[in-house]
Amino acid sequence: MDLSNLKPATGSTKSRKRIGRGQGSGHGGTSTRGHKGAKSRSGYSDKIGFEGGQMPLYRLLPKFGFKNFNRVEYTGINLDTLEQLSEKFNTKDITIEFLRENKIISKNEKVKILGRGELTNTFNVTVNAISKNAKSAIEAKGGVVTII
């Protein structure tokens, strides 16, 4: 065996369908596109939401609502999560930089501490926002809350 007599296994390759090359090929005439209609024309592309000329659903339904572009989105972190983080990383200071370094939040996220869970440790927390319950719970344990 050498390179001159290598060939693929039988049945593993197929020749492509050569359309529009005369009636003798079996794919001449309409070139497998059928007769008339948008899909038979050159340059046809399926439009998103097109329903064959029927009024499309997105035009039948009324518009409603709006997006408030001034809204500030916060990532909520609960007290029980803070407890777990402090035990895992052995720290008493929870800051936004600390949360970013440990992949709890992404680069541009703002953080709000929420009040679910019980605290057993003392924390110094520096975040963007905090709920009343969470603030009172942290301060009751002797922690310090700083809002950026």
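The values are calculated or read from the model by the stated rules, or taken from the named source; none is laboratory data. Worth saying up front: this structure is predicted, and the values here are computed from it rather than measured. Heads up, the Cβs are rebuilt from the backbone with ideal geometry, glycines too, and the neighbour counts pull from every protein chain shown.
Give the range 69-127 a look and list any residue that's under 18 Å from residue 146 (Cα atoms) and among the charged types (D, E, K, R), or say none.
Listed by number, the residues that qualify are 83, 92, 93, 97, 100, 109, 110, 112.
Evaluate the following for residue 42: is it of a type in the set (Gly, Ala, Ser) and surrounded by 14 or more Cβ atoms within 10 Å (Cβ to Cβ)?
no
Here is a list: 120, 146. Which entry is at pLDDT below 95, among the hydroxyl-bearing types (Ser, Thr, Tyr) and in contact with a strand residue (DSSP E or B) (Cβ under 6 Å, 6 or more places away or on another chain)?
Checking each option against the conditions leaves just 146.
Acidic (Asp, Glu) and more than 30 Å from residue 146 (Cα to Cα): is that true of residue 46 in this structure?
Answer is yes for this residue.
Can you confirm whether the range 102-116 contains a residue that is without any contact (Cβ under 8 Å) to a residue 60 or more places away in the chain and on the phi > 0 side of the Ramachandran plot?
Of the residues in the range 102-116, the ones without any contact (Cβ under 8 Å) to a residue 60 or more places away in the chain are 102-116.
Filter once more, keeping what is on the phi > 0 side of the Ramachandran plot: 103.
Yes, the range 102-116 has at least one match.
Quick one: what pairs do we get from the range 4-30, first residue among the charged types (D, E, K, R), second in a loop (DSSP other than H, G, I, E, B), C-beta under 8 Å, 6+ apart or different chains?
17/27; 17/32; 18/27; 21/27; 21/28
Please find, among 77, 94, 48, the residue that is under 22 Å from the mean Cα position of the chain (by Cα) and surrounded by 10 or more Cβ atoms within 10 Å (Cβ to Cβ).
77
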